[in-house]
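Enquirer: Submitted below is the structure of interest, expressed as structure tokens.
Quick note: the coordinates plus some simple rules give every number you see, no bench work behind them. Predicted model only: the values in this text are computed from it and were never measured. Backbone-built Cβ (ideal geometry, glycine too); neighbour counts: all protein chains shown.
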Amino acid sequence: MLTALTREVSEALGACELTHLTRAPIDIERARAQHAAYERALAVAGCQVERLTSDPTMPDAVFIEDSAVVFDEVAIVTRPGAASRRAETEAVAQALALYRPVKSIQTPGTVDGGDVLVVGRRLFVGRSTRTNDDAIAQMHQILAPFGYTVCAVPVRGCLHLKSAVTALTDNLLLANPEWIDKGLFSTFGFVDVDPLEPMAANALRIGERIIYPIVFPRTAERIAGHGLQLHTIDVSELAKAEGAVTCCSLIVNS
Ligand code: CIR
């Protein structure tokens, strides 16, 4: 069974962290409606959805992916790169403790889950404004005994590694080649985003299904061309906070 942990949209989402976007007004009710539709897509994909609460002191809490990375053997609770987001991890650690032994990244390490791409037993970790080498070394130490390899990937031009590359299958990645060096992923095939859709590399794969933003039709066509089944949803309000589809859930094989 799959459990998807999600987190309520904070009424303070408008005060979120922003790195590459200019602040635009966010309609909280619309954001909440889009988030609910996202949760329905998770349910259609076979997940039991468990939504954690948030509060006005945690504008970015809906982006729960950044608080942890979940493996079959262990959950790693992160130390987010933005100081404003560090209080988010406590409730996530508590929720995950019901499913997994929990390990935590220690200071001076910082990592956002959005920088961690897991494909099978291979981890690719973005070296970004949010994630540093100390945290990457800590993750290697925690995961090496379980047979995972960890590869650091420099990220340029975007917030997180998974803004630039995500997995469509065990062998096929979706990428914006402007933001990463594809050579670091040498054994994989690639679908490149359409050049007119630079933000289109973030897809959420659940089993055979791909949850994907509706605003990237050109790239969606490229993905569908590989015989993959897309469930498109509107997350435009969350995108104003620099969120996409992977960042709003933690998927736990339960
Ligand atoms: C932030 O800057 O931290 C949030 N406004 C957006 C985080 C999005 N997270 C993700 O893509 N994993």
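Enquirer: Which semi-axis lengths, in whole Å and largest first, follow from the square roots of five times the eigenvalues of the Cα gyration tensor of region 1-134? List each step's numbers first, then the result.
Expert: Numbers: eigenvalues 103, 82, 38 Å².
Output for region 1-134: semi-axes of 23, 20, 14 Å.
Enquirer: Can you tell me which of Val119, Val235, Val165 moves the most in a GNM of the chain? Springs connect C-alpha atoms under 10 Å apart.
Expert: Between Val119, Val235, Val165, it is Val119 that shows the largest mean-square fluctuation.
Enquirer: With an 8 Å cut-off on Cα pairs and a minimum separation of 6 or more residues, tell me the relative contact order of the chain in percent. Present the calculation step by step, with values, prior to reporting the outcome.
Expert: Values: 542 pairs, mean separation 56.8, N = 254.
The value is 22 percent.
Enquirer: Also, I was wondering about something else. Taking the Cα centre as origin and putting +1 on Lys and Arg beta-carbons and -1 on Asp and Glu beta-carbons, what dipole magnitude results for region 101-254, to the nearest 20 debye?
Expert: On the way: 13 positive and 15 negative charges, 66 e Å.
That gives region 101-254 a dipole magnitude of about 320 debye.
Enquirer: Out of all DSSP beta bridges in region 2-253, what portion is antiparallel? Express it as a percent rounded to 5. Mind dumping the intermediate values first?
Expert: Values: 17 of 41 bridges.
Here the antiparallel bridges make up roughly 40 percent for region 2-253.
Enquirer: What shape does region 111-207 have by the C-alpha gyration tensor, where a ≥ b ≥ c are the square roots of the eigenvalues, rounded means a/c under 1.5, and otherwise prolate means a/b greater than b/c and oblate the rest? Before the final figure, lay out each step's value.
Expert: Working: a/c = 2.00, a/b = 1.36, b/c = 1.47.
Verdict is oblate for region 111-207.
Enquirer: Same structure, new question: How much mean residue ellipticity at 222 nm does the chain get from its helices, if each DSSP H run of length 4 or more adds -39500 (n - 2.57) and you divide by all residues, to the nearest 500 deg cm²/dmol? Spell out each step's value before the answer.
Expert: Numbers: 6 runs with 52 residues, N = 254.
Mean residue ellipticity, 222 nm, calculated: -5500 deg cm²/dmol.
Enquirer: Report the residue, chosen from Ala61, Ala201, Ala224, that carries the largest GNM mean-square fluctuation when the chain is represented by alpha-carbon nodes joined by springs under 10 Å.
Expert: Ala224
Enquirer: Let me ask another. Tell me, what does the Kirkwood hydrodynamic radius of region 2-253 come to in angstroms if you use every pair of distinct C-alpha atoms? Intermediate values should be presented prior to the final figure.
Expert: Details: mean 1/r = 0.0557 Å⁻¹.
The Cα-based Kirkwood calculation yields 17.9 Å.
Enquirer: Using 10 Å bins from zero, what percent of all Cα-Cα pairs in region 9-71 falls into each bin?
Expert: Values per bin, smallest distances first: 19, 48, 29, 4.
Enquirer: Which value does Rg/Rh take for region 174-242 over its C-alpha atoms, Rh per Kirkwood?
Expert: Working: Rg = 12.2 Å, Rh = 12.7 Å.
A ratio of 0.96.
Enquirer: Determine which lysines satisfy two conditions relative to Lys182: a Cα distance under 23 Å, and not lying fewer than 8 residues away in the same chain.
Expert: Answer for Lys182, where 23 Å is the Cα cut-off: Lys162, listed by chain and number.
Enquirer: Through the Karplus equation 6.51 cos²θ - 1.76 cosθ + 1.60, θ set to phi - 60°, convert the phi angles of region 239-248 into ³J(HN,Hα) values in whole Hz; use x for Gly and Pro.
Expert: Computed from phi, the couplings for region 239-248 are 5, 5, 9, 6, x, 9, 8, 5, 6, 9 Hz.
Enquirer: Between Thr187, Thr219, Thr19, where does the largest GNM mean-square fluctuation fall for the chain, given springs only between Cα atoms within less than 10 Å?
Expert: Thr187
Enquirer: Here is a follow-up. Where Lys and Arg each count +1 and Asp and Glu each count -1, what net charge lies around Phe216 among other residues with Cβ under 12 Å from its Cβ?
Expert: Counting the neighbours of Phe216, the net charge comes to -2.
Enquirer: Hey, another quick one. What number comes out for the charge environment of Arg121, summing +1 per Lys or Arg and -1 per Asp or Glu over other residues with Cβ under 14 Å away? Don't jump to the answer; show the numbers that get you there.
Expert: Working: positive: Arg122; negative: Asp72, Glu73, Asp170.
Net of charged neighbours comes to -2.
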